[in-house]
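The values are calculated or read from the model by the stated rules, or taken from the named source; none is laboratory data. All of these numbers come straight from a predicted model, not from anything done at the bench. Here the Cβ positions follow ideal geometry from the backbone for every residue, glycine too, while neighbour counts run over all protein chains shown.
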Amino acid sequence: MRLDTLETGRKVRVVSINKGTGAEQRLLEMGIVPGVEVELLAKHPLKGPVIVKLNNTRIALGRQLANSIEVE
Amino acid sequence: MKAIIVGNPNVGKSYVFNRLTGQEVFVSNYPGTSVEINRGFLTVGNKSIELLDMPGVYSLNSGTPEAAMLVEALKEPPDLIIQVLDTVNLERNLVLTLELMKANLPMVLLLNQVDRAREMGLRIDSQVLSRELGLPVFPFSALTGEGVLDLLEQLAKGVPRSKKVQVVSLETVECQGCDRCACGPVLSCEGVNLKLFDQARLLAGKTTTRIERTQMHWLEKAQNWIDQPILGTVLLLLLAYLSFVILLQFINLSEGPISALLDPVNQLISEAIVELLPAGIIAQVLSKAVPEGIVIPFTIVMPAMLMVSILMALMEDSGILPRYSVALERVSRIFGLSGQAIIPLTLGLGCRTPAVVATRILPNTAQRFITVALLSIVVPCAATLGIMASVIAKFNASLVAVAGALVAVFLGLSLVLGRINTQQEEFIYELPPLRIPNWHNIAIKVKARFTGFFTEILPLLLVMSIAIRTIIESGVLQLLDGLGPITRVLFGIPSEAFVAVLLTVFQRYLAPLLLLNLTLTPREATIAITMVVISLPCLPVMVMTIRELGLKALGKIIGMGFLASFLVGIALNLILP
């Protein structure tokens, strides 16, 4: 499952991050690494950004980036 | 002795720095407030410590300019590293700790915002962390001052090196690239780096216990509302609209009382000049120019600058400002910008000079260039807004036409420029928690931004007012009448008004001074003020642009500015009845 396909409010675990968007490193350093639990807080319409909650931080991600995150 | 303050973005480094040095560096509630190193001194006992407040980084291997600055600073080893951590997000913050520990320097950890962590129901055992890492760890709050004394005591005693980590030289911390992964630096070499994350998670788990809370803090509730896609966007747009209404009302309401106060003073100045100076051209010029040079800044520019700095400081400190970048990400994407560009563009409504520096939070040079160009040419700063309002009011010019032209140029320019940014960087931004604005932070900012009025704007406007009055009285403008037919055909404005447009080369908000002294029809005033507002960056912005992006970029921006201004003049001349 990709992060951007989830419904709002779901809590999931990050499995892997697909390479190719050029932003993997920034995801990693913000703490979005395999194994962490994230909650999808919001999805902006028209393929806008998504907001995820990770521990006690909120991180806004572009839709394409969210699509590169494999979760379960 | 030299110490560096380091940490993730938006954990409160600058706040800690201010606390320790007594300085008043700007503090905001969004990642990327400090993009340069702040320097200060701290005296503990008989030790004088030079403190460097470094810009925030998530990792030493980020590959960002900020990370490069930090690695550079570590190569000339400081005597002490003070890492500021966000207690609420220990896990991620500890990754940087583990990276820094490889430098094997004396280091202390400040678990900042510990008061907020407690409010959120977290219990922190700093002793455990201290034992695990072999470093002094202090629960800390730059806001309340908790932990400051403990830190000072430790600094007086001296900080030992940790014996817990293997010594790894800095060279190996830096990336050598690897063939195991496409993304290069150490961070992505799973074998090396994900281990750090596991270790950090383990440490954070040992240190933090979560107590069940029965109630959600109202700020968290507000945050949940504002982070909702549709409702949040509506709320944010309403808030922006409300801010503009407040700004305009404030300018309107304050003009009366301020003029009432100034009128007698000006009368006096004017009379004194006539009295003291020998009759003649000089007395004639000064007796008109000085009062004008005082009235306009005080009644028009000052209220606008004051209100804008207050509103901006509130947006920055509450954590609302970065929310706009999420809500407007879709829109900015059309223009080849990522959502973060909203932050410098909004800051530009206050003053464009710091806004140009703030473009550093953008991911690439192309985006920075687009944003700086938009800032320089279209976005009206507080001073410009104030003076624009006065010209519109005096000549009964069309606000709709001026605003419409601004929006049209903004859209047109960004669409054209958006094409140069072929590489669409992915949007990723940490949203700061909402908080109640801290009045002290607000006061520092408003004070600093507002003193610019007295140190820069007032003297400049006064001098220019005298210069402009001299030009008018001397009759030089009549010499330009030859240009009249040309400017009338092209832009529908008299040649004198065109001089005002050319004056923007010196300082944009000075140009309307000349307009105020002319007799213009509403139509002429509308075109002239629009051409003035859409034109060139002011001198301070030019200097900053050279510093940040180079002379060539500035040249392009100036060229585009003139072009935009002339095109808008011609277009309005054709469109307006």
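Some points to look at:
- If you go through region A:56-72 and pick out every residue that is crowded, with 20+ Cβ neighbours inside 10 Å, more than 7 Å from chain B (Cβ to nearest Cβ) and of a type outside the set (V, I, T), you end up with 3.
Every residue, every condition in (1) out of contact with any Asp or Glu (no Cβ under 7 Å at 6 or more places or on another chain); (2) among the small types (G, A, S); (3) part of a strand (DSSP E or B), yes or no:
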site	(1), (2), (3)
B:Q83	yes, no, yes
B:N89	yes, no, no
B:L94	yes, no, no
B:L98	yes, no, no
B:A103	yes, yes, no
B:L110	yes, no, yes
B:R118	yes, no, no
B:V128	yes, no, no
B:R131	yes, no, no
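- B:N10 vs. criteria under 19 Å from the mean Cα position of the chain (by Cα), under 29 Å from B:L362 (Cβ atoms) and not small (G, A, S): yes
- Some residue of region B:231-254 being crowded, with 19+ Cβ neighbours inside 10 Å and over 30 Å from B:T451 (Cβ atoms): yes
- Screening A:K53 against (1) more than 7 Å from every other protein chain (Cβ to nearest Cβ); (2) surrounded by fewer than 22 Cβ atoms within 10 Å (Cβ to Cβ); (3) in a loop (DSSP other than H, G, I, E, B) leaves a single unmet condition, (3).
- Options B:I310, B:I343, B:I334: the member that is touching a residue at least 40 places away in the same chain (Cβ under 8 Å), under 11 Å from the mean Cα position of the chain (by Cα) and either surrounded by fewer than 24 Cβ atoms within 10 Å (Cβ to Cβ) or within 30 Å of A:I51 (Cβ to Cβ) (or both): B:I343
- Test: B:G191 is at positive phi and at pLDDT below 85: no
- Flag if B:G232 is among the small types (G, A, S), in a helix (DSSP H, G or I) and at pLDDT 90 or above: yes
- Cβ pairs under 7 Å, 6+ apart, first in region B:51-70 and under 19 Å from A:L28 (Cβ atoms) and within 13 Å of chain A (Cβ to nearest Cβ), second of a type in the set (K, R) and surrounded by 24 or more Cβ atoms within 10 Å (Cβ to Cβ): B:G56/B:K13
- Failed criterion for B:D481 (all others in (1) more than 35 Å from the chain's Cα centre (by Cα); (2) within 17 Å of B:N573 (Cα to Cα) hold): (2)
- Identity of the residue in region A:31-43, crowded, with 22+ Cβ neighbours inside 10 Å and over 9 Å from the mean Cα position of the chain (by Cα), that ends up farthest from B:A67 (Cα to Cα): A:A42
- The condition (being under 33 Å from the mean Cα position of the chain (by Cα) and within 14 Å of another protein chain (Cβ to nearest Cβ)) is satisfied by just one residue among B:E76, B:E91: B:E91.
- Hits in region A:32-50 (condition: closer than 11 Å to B:Q228 by Cα and at the interface with another protein chain (Cβ under 7 Å from one of its Cβ atoms)): A:L41, A:A42, A:K43, A:H44, A:P45
- The helices (runs of 4 or more DSSP H) found wholly in region B:496-577 include none carrying at least 2 residues that are crowded, with 23+ Cβ neighbours inside 10 Å and of a type in the set (D, E, K, R).
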